[in-house]
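Scroll down for the structure; my scribbles are underneath it.
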Amino acid sequence: MIENKLEKVVSLCKRRGLIFPGSEIYGGISGIYDYGPLGVELVNNIKQEWRKEMFRRHEKIFELDSSILMQRRVWDASGHTSAGFSDPLQECKKCHRRYRADHLPKENKNKCPECGGELMEPRLFNLLVETHLGPVKDDSSLTYLRGETTQGIYVNYKNVKTAMAAEIPFGIGQIGKAFRNEITPGHFIFRMREFEQMEQQYFVKPADADKYFDFWKKERMNWYVALGVKEKKLRFQPHTKEELAHYARSAEDIQYDFPFGWGEIEGVHNRGDWDLSRHSDFSGEDLSEIDDKTGGRFYPHIIETSAGVARSLLVFLIDAYDDSDKERFVLKIDPRLAPYKVAVFPLLANKPELVDKARNIFKDLKMTSLNVAWDDRGNIGKRYYSQDEIGTPWCVTIDHQTLEDGTVTVRDRDTANQERVKVIELKNYFEERLK
Ligand code: GAP
């Protein structure tokens with residue numbers, strides 16, 4: 001019951017081609033999902049908004065696209081091959097199901113939630129996904145699929161700084177896949193084994209770290225709010241000493257009130273000088289900087305903002321999913337994120353003159369930056385329903401009046417109000433509203 005809304009969103013995603021279970025015709029694969037045609041659009045829109053925010057609105061943040069596979073020693077330096085990137089795992093002695101010890105209900109710590117069997121003592125389980133590179137599969141060819149995109153940024157810190165003549169403070173950001181052998185993936189796309197991150201590392205002088213930590217916390221929270229997420233559903237949650245990752249001096253999660261409880265959607269971390277000092281030690285490349293006042297050397301401190309594409313997507317969908325209106329269901333997602341911006345319909349599909357005119361308008365709009373849908377099935381009411389369900393902000397209908405005076409009706413998703421707009425003004429009309 002409590003996950004009812006999540007189930008509704010899962011069903012919408014499957015039905016309307018947003019998200020499919022991975023390898024579904026083979027029975028699925030735990031913690032892996034595929035994006036369908038409308039999911040790709042939504043994901044790309046989320047990434048585009050993040051890119052606009054990080055690389056256009058902010059100054060001196062540079063984009064990188066580093067590789068998924070790196071030298072194995074990168075993960076020794078980062079601490080991922082040690083206990084720091086491990087979760088406590090408990091296995092049932094009877095049915096051999098495995099659980100994350102910290103996710104088990106406190107009152108029933110040592111009992112299997114499925115069969116009631118006794119659980120073994122917790123042991124640490126490393127989350128890195130292993131692979132081998134090269135023709136011989138032995139220990140020397142072992143490496144990992146990256147567990148976070150972060151490390152590719154640190155490895156390229158000097159390259160980017162030199163190439164871009166960047167002075168501290170500056171940032172490097174990237175979007176890319178990460179892999180974790182999660183013990184208990186779940187809550188749909190909330191916890192997966194293959195997912196994408198949108199991460200940014202901001203390099204600062206040690207004395208400025210606290211100031212930028214506060215700055216980035218606010219900036220990142222505002223991003224979700226500006227994209228329409230209800231403020232009362234968002235909060236900061238500071239990490240306790242026990243929860244702090246091995247690298248972090250202080251950290252706060254941005255959490256959302258999901259149907260299954262509050263959950264992290266983004267982490268803002270003050271990583272201190274852990275990363276660049278460790279990579280200097282392990283690689284032999286000196287990544288420290290000279291303090292222009294004292295002449296001494298220091299390692300830049302890092303403020304990290306680390307968001308997940310899928311978790312953001314889940315937030316945007318759940319937050320926009322409101323079926324309280326019994327008359328009609330509308331996915332009230334921010335128009336900038338909506339998979340389609342506009343849908344074009346001929347009022348009657350059996351009138352060639354209307355269909356031809358509508359096809360021309362559809363083709364012209366498609367040549368703009370807008371993603372436009374075409375629909376000539378069923379009646380107009382069904383078409384509106386179908387577009388409302390996937391959050392298309394505007395529907396354009398071509399009717400007999402269009403042939404006479406060159407105007408169409410534009411119907412607004414949220415109000416269902418209609419107005420007549422000149423065909424030649426459509427592009428500007430939508431672009432203005434998308435700003
Ligand atoms: N570089 C720091 C880092 O990776 P994290 O808190 O482990 O920190 C950051 O992850 C973000 O990545 C999370 O807030 C979440 O949005 C996303 N993320 C992490 N693990 C995930 C998983 N198993 N499935 C989906 N998203 C995940």
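Where a number appears in this text, it was derived from the coordinates with a stated rule and is not lab data. Everything numeric here is computed off the predicted structure, so don't read it as measured data. All Cβ positions, even for glycine, are placed from backbone atoms using ideal geometry, and neighbour counts span all protein chains on display.
Out of Leu142, Leu89, Leu127, whose Cα points farthest toward the positive end of the dipole of the range 73-229 (charges: +1 Lys, Arg; -1 Asp, Glu; placed on Cβ)? Result: Leu89, furthest along the dipole toward the positive end. When peptides 65-73, 104-112 are sorted by average Cβ neighbour count within 10 Å, with the highest value leading, the order is 65-73, 104-112.
Quick check: from the Cα gyration tensor, does the range 272-323 come out rounded (a/c under 1.5), prolate or oblate?
Prolate is the answer for the range 272-323, as a/c is 1.5 or above and a/b outweighs b/c.
Projected over all directions and averaged, the alpha-carbon convex hull of the range 235-337 occupies 10.6 nm². Sequence-distant contacts, meaning Cα pairs under 8 Å at least 6 residues apart, place the relative contact order of the chain at 13 percent. One decimal place: the segment Tyr429-Cys95 gains 114.2 nm when fully extended, by the rule 0.36 nm per residue minus the C-alpha distance.
Between Asp208 and Lys5, the simple spin-label model (points 7 angstrom out along Cα→Cβ) gives 4.0 nm.
Per residue, the Cα convex hull of the range 85-124 amounts to 56 Å³.
Taking the helices alone, the chain has a mean residue ellipticity at 222 nm of -8500 deg cm²/dmol, built from -39,500 (n - 2.57) per DSSP H run of at least 4 residues and averaged over all its residues. Given R₀ = 51 Å, what would the calculated FRET efficiency be for Leu69 paired with Trp262, taking r from the Cβ atoms and rounding to 0.05? Working from the Cβ atoms, E equals 0.90. In the range 66-169, the alpha-carbon atoms span a convex hull of 150 Å³ per residue.
Given +1 at the Cβ of Lys and Arg, -1 at the Cβ of Asp and Glu and no other charges, the dipole of the chain around its Cα centre is 660 debye to the nearest 20.
Which one of Ser288, Thr305, Pro352 has its Cα pushed farthest toward the positive end of the charge dipole of the range 283-356, where Lys and Arg give +1 and Asp and Glu give -1 at the Cβ? The residue sitting farthest along the positive end of the dipole is Pro352. Within the range 343-395, all pairs of alpha-carbon atoms sorted by distance into 5 Å bins from zero give the percentages 4, 21, 29, 25, 16, 4.
Overall dimensions of the range 292-394, expressed as equivalent-ellipsoid semi-axes from the Cα gyration tensor (√(5λ), whole Å, largest first), are 45, 20, 7. Shown here is the pair-distance distribution of the range 92-224: with all Cα-Cα distances grouped in 10 Å bins from zero up to the longest one, the shares run 10, 24, 27, 24, 13, 3, 0 percent. Each Lys and Arg Cβ is given +1 and each Asp and Glu Cβ -1; about its Cα centre, the range 264-358 then shows a dipole of about 640 debye.
Taking 0.36 nm per residue of sequence separation and removing the Cα-Cα distance, the Asp292/Val129 pair yields an extension gain of 54.5 nm.
Debye-formula intensities of the range 23-126, expressed as log10 I(q)/I(0) at q = 0.11, 0.16, 0.21 Å⁻¹, are -0.70, -1.02, -1.05 (one equal scatterer per alpha-carbon, no solvent).
Annotation: average projected area of the range 363-419 is 4.4 square nanometres, based on the convex hull of Cα atoms across all directions.
Based on the alpha-carbon gyration tensor of the range 1-49 and its eigenvalue square roots a ≥ b ≥ c, which shape applies: rounded if a/c is under 1.5, prolate if not and a/b is larger than b/c, or oblate? Cα axes put the range 1-49 in the oblate bin. Note: the chain, Cα convex hull, 194 Å³ per residue. Computed over the range 158-203, the P(r) curve from all C-alpha pair distances, binned at 5 Å from the origin, holds 5, 17, 20, 14, 12, 10, 10, 8, 3 percent per bin. Only lysine pairs 8 or more places apart or on separate chains count here, and in the range 1-103 those with Cα atoms under 24 Å apart total 4. Charges were assigned to the Cβ only: +1 to each Lys and Arg, -1 to each Asp and Glu. The resulting dipole of the range 271-317 about its Cα centre is roughly 320 debye.
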